[in-house]
Every structure is written in C-alpha cells, then in structure tokens.
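Taking it in order: structure first as structure tokens, then the write-up.
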Amino acid sequence: MLIRSICRAGAYPLGMPDAPLGAALSVSRIPRNRRGVAMARVCQVTGKRPMSGNNVSHANNKTKRRFLPNLQSRRFWVESENRFVRLRVSTNALRTIDKNGIESVLVELRARGEAA
C-alpha cells in the first residue's frame, strides 16, 4: 500500500519492487520558511534548557513530557560597540539584562566563550 502510494506520487517507477518503505517519511513537515538552521532550545544567558516531567491526568495516569523554556529572540543595542547584538534568551534572562545591563551580561558571555 505504501509503495503504491509512493509510486503514484512519481517518486519511484511502478515496476520497482524494492522501494524503501521509509521513503514517504523523509518528506519534511516543517514549513519551507522555517527550515533554517536547527537551534537548541537553550538560553544564551542563563543556560536554561528543556526539562522532562510528567503529564498527570485526573485519573493519575502519567505520560512523559518536556517543559520548554520561554525563549525569545531579541536584539539589544550595545552602545560601546555601536551595534545590535542578537541573543536567544529566556524571559528570566530579560529580567537579568534589565537589572545588570547588556554590557555586563555580554562580558560574562564572552568570558564563558559564547559568541555574541
């Protein structure tokens, strides 16, 4: 059934018996405008990353899930360098930048070896 649907789509000739069964799964479901570089879900300032936990239903059934950090892509104006710096930061890191300033946060990032 799967091979026939692949063949109808024109991916393989109809007489080809050994078409790979996983060929239909190789088509990306990510929209074309979102297929750029895959980025890790990690805050560049605080290092927050996804955590694992459980969904717990009313009947106390537990299924695994991931808690993702609330990451935002932001541009920050750095006065000393006279340019914008783009960072992918959590909302907690935005509060840290508001409190300490972007200059001191960038000094810490560069001391750790992060490119910013």
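Assorted remarks:
- Selection from segment 53-100 of residues that are assigned to a loop (DSSP other than H, G, I, E, B) and farther than 13 Å from C43 by Cα: S57, H58, A59, N60, N61, E79, S80, E81, N82
- Any chance R88 is at negative phi, in contact with a Leu (Cβ under 9 Å, 6 or more places away or on another chain) and at pLDDT 95 or above: yes
- Residue that is nearest to V107 (Cα to Cα), among those in segment 77-92 that are of a type in the set (S, T, Y) and free of Cβ contacts under 8 Å to residues at least 24 places away in the same chain: S80
- Scanning segment 94-108 for residues that are within 24 Å of the chain's Cα centre (by Cα) and within 11 Å of F76 (Cβ to Cβ) turns up L94, I97, I102, V105, L106.
The values are calculated or read from the model by the stated rules, or taken from the named source; none is laboratory data. Bear in mind the structure is a predicted one, so any value in this text is a computation, not a measurement. Reconstructed Cβ throughout: ideal geometry from the backbone, glycine too, with neighbour counts over all protein chains shown.
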